[in-house]
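See below for the structure under consideration.
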Amino acid sequence: MSKLQEINKDFMTEEAMLQGCIKNDASAQQELYHMYSPKMLSVCYRYAKNREDAEDMLQEGFIKVFMQIRQFQNRGALEGWIRKIMVHTCINSLKKNKKFSESVDIIYANSIHVREDAIPSILQAKQVVECIRLLPMGYKTVLNLYAIEGYSHKEIGEMLDIEESTSRSQYTRAKAMLEDILIRKRIIPIPKEKPSWLSTAKVN
C-alpha cells in the first residue's frame, strides 16, 4: 500500500490528491474524480445534447485535468480550475459540430427588449437548467457562458470564434426565449404588458 493510501482509505486531503495526481497515482486520480465528477457532469450536461454526450465531455475533460494538473498553481480553488477545463472541453467538442458553428454565427436580436428582472437570478436551479436546455444550441451556449460561467462577451467571442456583437445578440435572444419558456411553464409570472416579441419567440 502506498503512503497516499495509508493516509486514509476513506478520505484524502486536497493537497494529497494534488500531489498524488502529479505523480500519476491511480488512487489519487480516482479520489479526485469521485469528488468532482458529479458537479462537472452537471456542467457538461448544460452544454451537451444529451447525457451520453455529457459523459463523453466529462471523460475527455478529466483526461485533460490529469494531463495539466502540474499547471495548477493554488492561486484559486481547485474546483474552479477544473471547471474551466471542463467548459473549454465542452466548447471545443461543440465547435467540431458544423450545425453548432452555423447556429452561433447568426445575429437575430438587436432590437429585442427583455425585462432584466424576469429571469430568475438562480439560473442553476434544476427547473431553470432544464428550460435552458430547450434553447437552440447557439443561444444555450452563450447564455451558459455569460450568465452562469461569468465570461465577458469579448471572451465568449474569442472562445467561439465569433464577433463580440454576435455574442451579445445571441445572449439577448436567449434571454427572450428563456423568458417565454419560463412563463409558459409557469415558473415566472406573465408580465402585465406582454412584449410584442414574446408571441414570436419559439422553442426549437
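Rounded to the nearest 0.05, the FRET efficiency derived from the C-beta distance between Lys185 and Lys39 at R0 = 22 Å is 0.30.
Each residue, Asn74 and Lys49, gets one label point 7 Å from its Cα in the Cβ direction; the gap between the two is 4.4 nm. With contacts taken as Cα pairs under 8 Å and at least 6 residues apart, region 3-96 reaches a relative contact order of 26 percent. In terms of overall dimensions, the C-alpha atoms belonging to region 16-68 reach 35, 17, 13 Å along their principal axes, ordered largest to smallest.
No lab work stands behind these numbers, since they all come straight from the coordinates. Just so it is clear, the structure is predicted and the values come from calculations on it, not from any experiment. Because the Cβ atoms are built from the backbone with ideal geometry, glycine has one as well, and the counts that use them run over all protein chains shown.
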